[in-house]
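I have placed the structure first, in the form of structure tokens, so that the comments after it can refer back to it.
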Amino acid sequence: MQSINHTMNITDLNFDCLETCLQHLDIADLLNIADCNKQLRHAARYLIGRDIKRVEVKVNLNDRMFRNPN
């Protein structure tokens, strides 16, 4: 019998499978993935865009605090 030895990388997964895997990460981890891996960037950006509506964003400019109006 011939044995089959095949390794699979996360980048071999289709978009739906990637989305399922990456949806468990927080935004900081998704940003790291988008920054570090060109092949996973699209899926990470999609999830960030989808989830950013649920996150309050604060930016400190000139000692003033601005809030996301949503």
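Values in this text are rule-based calculations from the coordinates and carry no lab data. Computed from a prediction, not measured in an experiment: that's the story for all the values here. Note: ideal-geometry Cβ built from the backbone for every residue, glycine included; neighbour counts use all protein chains shown.
In the range 1-17, which residues have a backbone nitrogen under 14 Å from the label point lying 7 Å from His42's Cα in the Cα-to-Cβ direction? Residues 11-17 fall inside that zone. Each residue of the range 27-37 was assigned a 3J(HN,Hα) from its phi angle through the Karplus curve 6.51 cos²θ - 1.76 cosθ + 1.60 (θ = phi - 60°); the sequence is 4, 4, 5, 5, 5, 4, 5, 4, 6, 9, 10 Hz, with glycine and proline shown as x.
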